[in-house]
Protein chains: 2
Amino acid sequence: MARPKTATLATAVQAAADQPLDQSLLLSLVGYNCRRAYLTIMPHFEERMSKLALRAVDFSVLSILKANPNITQKRLSHAVSVSAPNLAILLDKLEQRGLVLRQRNPLDKRSQTLVLTSEGLKLCAKAETTVANLEQHATAMLTENERQKLLQLLQKIFVEGN
Amino acid sequence: MARPKTATLATAVQAAADQPLDQSLLLSLVGYNCRRAYLTIMPHFEERMSKLALRAVDFSVLSILKANPNITQKRLSHAVSVSAPNLAILLDKLEQRGLVLRQRNPLDKRSQTLVLTSEGLKLCAKAETTVANLEQHATAMLTENERQKLLQLLQKIFVEGN
DNA sequence: TATTGTTATACTCTATAACTATA
DNA sequence: TATAGTTATAGAGTATAACAATA
């Protein structure tokens, strides 16, 4: 009664090939969708920022230091979610490029405080302009209201989800 | 007229330490917020799925194969954004665990088609239940309407942003 | 003793090049 | 000649352990 197995498989394979892919379960998960959106935006980011030789995490560091001069590495480490050992290396490179200055904290000589150099400030300002343009481009399919709503909902997750 | 530099620095450092951290620029960027939300959800995911010995990408593969039996590795590779070499290794492991079956495609013997074994199906069903619970927990701060809106906006980005 | 930051190192993830088998 | 999949390997990113200096 049963047809040969290969014939059965061939039929099933043909049927599968003819179907559009069903990803409905994954598409119902916020985490999955966050990742997909992130992975869509990042190549645009990387392409534009490569001209300034900045990765996303480098930009985060510069931007936070611009808005918060003289914070400690400890605090920066927490803000950008980079472990202390990895941040040390990252800061070595920014310091070698003359963008950041590490200073021993006079109030607690265990820690170091961070400021942008004037060159770091200039590069950060340029990067922030680039990022603002990129943001418009990457979210061009959203109205400004939708973009604000999206930011608000995402922030609910990581502010209240901790 | 100028005070000693260390005193100036001490004052600035103290002021910085007293301020709440200003992250306003980063918080205005969709990509950054996607990443933060993703990084908030993932530890919950990993903790619960570790009991089933599944990483996020393993779950994605099982879930897609459950909904799309007999698709080729090529198609799966594209769906989960894992390169062919890395997918081969990933599938080796799932096959060794008896969760997935690779079959030479009778319609084109270059390719292989994939199905879950009965054990793979069982584990995937269990994982999908776990994930559904996790989703409720991870997004408990959102109303169901907000959660749906969030999914819709994120999907706009990666559907229309390509 | 505890904390900040550093060094060294290991582990995971992702990317690339070269190969086999099939079309 | 092109494609599907594999193997081997390299690189980036992240995590951990041990240490020095300071509190």
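The values are calculated or read from the model by the stated rules, or taken from the named source; none is laboratory data. Note that the structure is predicted; figures quoted are calculated from it, not measured. Quick reminder, even Gly has a Cβ in these numbers, built from the backbone with ideal geometry, and neighbours come from all protein chains shown.
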Qualifying position, being within 16 Å of DNA strand C (Cβ to nearest atom) and either of a type in the set (Val, Ile, Thr) or closer than 30 Å to B:LEU153 by Cβ (or both), among A:THR113, A:THR129: A:THR113
Odd one out for B:ALA15 among (1) under 27 Å from B:LEU154 (Cα atoms); (2) assigned to a helix (DSSP H, G or I): (1)
Is there a residue being surrounded by 14 or more Cβ atoms within 10 Å (Cβ to Cβ) and either aromatic (Phe, Trp, Tyr) or farther than 30 Å from B:HIS137 by Cα (or both) anywhere in the stretch B:30-42? yes
With A:LEU151, A:LEU121 as the choices, which residue is over 29 Å from B:GLU146 (Cα atoms), at pLDDT 95 or above and more than 16 Å from DNA strand C (Cβ to nearest atom)? A:LEU121
Return the residues of the stretch A:3-17 that are more than 7 Å from every other protein chain (Cβ to nearest Cβ) and at pLDDT below 95; say none if nothing qualifies. A:ARG3, A:PRO4, A:LYS5, A:ALA7, A:THR8
I want to confirm something. Restricting to the stretch A:42-56 and keeping residues that are within 10 Å of chain B (Cβ to nearest Cβ) and touching a Leu at 6+ places or on another chain (Cβ under 8 Å), which single residue is farthest from A:ILE89 (Cα to Cα)? A:HIS44
If you check A:GLU135 against the conditions, is it away from DNA strand C (no atom under 15 Å from the Cβ), of a type outside the set (A, V, I, L, M), at the interface with chain B (Cβ under 10 Å from one of its Cβ atoms) and within 26 Å of B:CYS34 (Cα to Cα)? yes
Taking the criterion of being over 23 Å from A:THR40 (Cβ atoms), within 16 Å of DNA strand D (Cβ to nearest atom) and modelled with pLDDT under 95, would at least one residue in the stretch A:76-94 satisfy it? no
From the list A:GLN103, A:GLN14, A:GLN23, A:GLN19, pick out the single residue that is touching a strand residue (DSSP E or B) at 6+ places or on another chain (Cβ under 6 Å) and either on the phi < 0 side of the Ramachandran plot or within 14 Å of DNA strand C (Cβ to nearest atom) (or both). A:GLN103
Would you pick out the residues in the stretch B:79-95 that are surrounded by 14 or more Cβ atoms within 10 Å (Cβ to Cβ) and either within 18 Å of the chain's Cα centre (by Cα) or not charged (D, E, K, R) (or both)? B:ALA79, B:VAL80, B:VAL82, B:LEU87, B:ALA88, B:LEU90, B:LEU91, B:LEU94
Among the residues of the stretch A:121-145, which ones are over 20 Å from the mean Cα position of the chain (by Cα) and either part of a helix (DSSP H, G or I) or more than 23 Å from B:ASN162 (Cα to Cα) (or both)? A:LEU121, A:LYS122, A:GLU144, A:ASN145
Of all residues in the stretch A:58-105, count the ones that are more than 10 Å from every other protein chain (Cβ to nearest Cβ), part of a helix (DSSP H, G or I), of a type outside the set (A, V, I, L, M, F, W, C) and farther than 15 Å from A:LEU116 by Cα. 4
